[in-house]
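Chemist: I am attaching a structure below and will ask some questions about it afterwards.
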Protein chains: 2
Amino acid sequence: MDFATLIEQRASANQFDAAREVADATLTELLRLATLAPSAFNAQNRRFVVARSQEAKQRLLRHANGQDKVVHAAATVIVVGRLAPHATLAAALQPSVEAGLVSADLQATFVHYATEMYGDQPQIQRDEAIRSASLSAMTLMLAAEGAGLASCPMIGFDAAGVHREFGLGDDEIAVMLVAIGHAAAGNWPQKPRLPLTEVLAWQ
Amino acid sequence: MDFATLIEQRASANQFDAAREVADATLTELLRLATLAPSAFNAQNRRFVVARSQEAKQRLLRHANGQDKVVHAAATVIVVGRLAPHATLAAALQPSVEAGLVSADLQATFVHYATEMYGDQPQIQRDEAIRSASLSAMTLMLAAEGAGLASCPMIGFDAAGVHREFGLGDDEIAVMLVAIGHAAAGNWPQKPRLPLTEVLAWQ
């Protein structure tokens, strides 16, 4: 299958087959692929909390407006965005320095610019956390599709409740949930989009 | 190539080959695929302004901190997020109603819930605009990779300047730029990421 077909056939699943397992190794591989999404300065200002056990999924359900797909899915991933990306940028770039791709000087320069851009700018930090987490969430959903699994992005949850329940840090926000599992019967196909002429302008 | 390999080989390109063209039809197809990314309620609260002509790319460059990849790329897409998704949701769902996938009653119910969620909530509207635009931007970058093209996501630009220069609406924000074209020599490979153990937690 070519990649265009994969994008075309991905649809947000509401019905998951709770009886069909997904191996931890498969989920780990999908999440590894999600980390390969880009982020500004390669700051990687996001992480993934996986509601995997029945107990964790039930806790998540209590903050997810009763949407039981978070329980029926093999796992529901809380995609977490991190504020203050400049504060952890040096560490995030350290593997690039060690690989010889980025010099220590360039690492310091990136930290300087990132601090100028984000320091004392809570709205810009929040924007970046959402952007970075969303880029990885989309990669996760397409990776799942590529592995023959269904997914569902969810924003209908109590962010404060999830934050508390899953122990997120002060500098973290729950950006979205992504349920992953085997699809059951009864899902919608991908819904049609607006005509391209309405969303595309050339200059 | 399997899709995992495609995700692994995508890297943000800084060097584009300005001499190699990309057909309008190719860009249009990539942007069509980008519209297939999910959005809350299928609100499709985003659109794409393509800086395609030399003149438009030069105008964009003036607001992009001198990053000349916006000019060397075949096109640089301004990925625009739209606020107040509830206001345009009925229209966004109309193709789903006409396809018989969503009843008029369900369309009205979605509009009701979306109005509850977003109405008079400027921060939540902004969050959603960034999330929705970012999901489509990631799909666009992977679609480009799948078509043998390089891309670069960019957040280092003057959002107010781009807004004014490209005539965005009051309810719109420029979420990110995505430069697309043929890669030239001299690009970094994908930079390494933090170890999975640092960004992945199971519950």
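Chemist: Among the numbered conditions (1) more than 9 Å from chain A (Cβ to nearest Cβ); (2) under 21 Å from residue B:167 (Cβ atoms); (3) out of contact with any strand residue (DSSP E or B) (no Cβ under 6 Å at 6 or more places or on another chain); (4) open to solvent by less than 50 Å² (accessible area, probe 1.4 Å), tell me where residue B:82 comes up short.
Modeler: Of everything listed in (1) more than 9 Å from chain A (Cβ to nearest Cβ); (2) under 21 Å from residue B:167 (Cβ atoms); (3) out of contact with any strand residue (DSSP E or B) (no Cβ under 6 Å at 6 or more places or on another chain); (4) open to solvent by less than 50 Å² (accessible area, probe 1.4 Å), residue B:82 misses just condition (3).
Chemist: Identify all residues within the range A:32-59 that are part of a strand (DSSP E or B) and open to solvent by less than 40 Å² (accessible area, probe 1.4 Å); write none if there are none.
Modeler: If the condition is that a residue be part of a strand (DSSP E or B) and open to solvent by less than 40 Å² (accessible area, probe 1.4 Å), then A:46, A:48, A:49, A:50, A:51 are the ones that fit.
Chemist: Can you name the number of the only condition in (1) assigned to a loop (DSSP other than H, G, I, E, B); (2) free of Cβ contacts under 8 Å to residues at least 40 places away in the same chain; (3) open to solvent by 10 Å² or more (accessible area, probe 1.4 Å) that residue B:102 fails?
Modeler: (3)
Chemist: May I pose another question? Considering only the range A:67-75, I want to know if a residue exists there that is away from every other protein chain (no Cβ under 12 Å), out of contact with any strand residue (DSSP E or B) (no Cβ under 7 Å at 6 or more places or on another chain) and not in a loop (DSSP other than H, G, I, E, B).
Modeler: Checked the range A:67-75: at least one residue is away from every other protein chain (no Cβ under 12 Å), out of contact with any strand residue (DSSP E or B) (no Cβ under 7 Å at 6 or more places or on another chain) and not in a loop (DSSP other than H, G, I, E, B).
Chemist: Looking only at the range B:114-134, count every residue that is open to solvent by less than 10 Å² (accessible area, probe 1.4 Å) and either outside any helix (DSSP H, G or I) or among the aliphatic types (A, V, I, L, M) (or both) and tell me the total.
Modeler: Summing the residues that are open to solvent by less than 10 Å² (accessible area, probe 1.4 Å) and either outside any helix (DSSP H, G or I) or among the aliphatic types (A, V, I, L, M) (or both) in the range B:114-134 gives 4.
Chemist: Please tell me if residue A:180 is in a strand (DSSP E or B) and touching a helix residue (DSSP H, G or I) at 6+ places or on another chain (Cβ under 7 Å).
Modeler: Yes, satisfied.
Chemist: Only one residue in B:135, B:101, B:168, B:93 is hydrophobic (A, V, I, L, M, F, W, C) and either under 23 Å from residue A:34 (Cβ atoms) or in contact with an Asp or Glu (Cβ under 9 Å, 6 or more places away or on another chain) (or both), so which one is that?
Modeler: B:135
Residue by residue, here is whether (1) farther than 15 Å from residue B:162 by Cβ; (2) facing chain A (nearest Cβ under 10 Å); (3) at pLDDT below 95 holds:
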| position | (1), (2), (3) |
| --- | --- |
| B:7 | yes, yes, no |
| B:18 | yes, no, no |
| B:29 | yes, yes, no |
| B:32 | yes, yes, no |
| B:44 | yes, yes, no |
| B:50 | no, yes, no |
| B:56 | no, yes, no |
| B:62 | no, no, no |
| B:97 | yes, yes, no |
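Chemist: Sticking with this structure for a sec: So which of A:200, A:101 ends up being at the interface with another protein chain (Cβ under 8 Å from one of its Cβ atoms) and closer than 30 Å to residue B:53 by Cβ?
Modeler: After applying the criteria, what remains is A:200.
The values are calculated or read from the model by the stated rules, or taken from the named source; none is laboratory data. Since the model is a prediction, treat every value here as computed from it, not as a measurement. Because the Cβ atoms are built from the backbone with ideal geometry, glycine has one as well, and the counts that use them run over all protein chains shown. Ligands, DNA and RNA are excluded from the accessible area calculation, which covers all protein heavy atoms including side chains. Shrake-Rupley method; radii C 1.70, N 1.55, O 1.52, S 1.80 Å.
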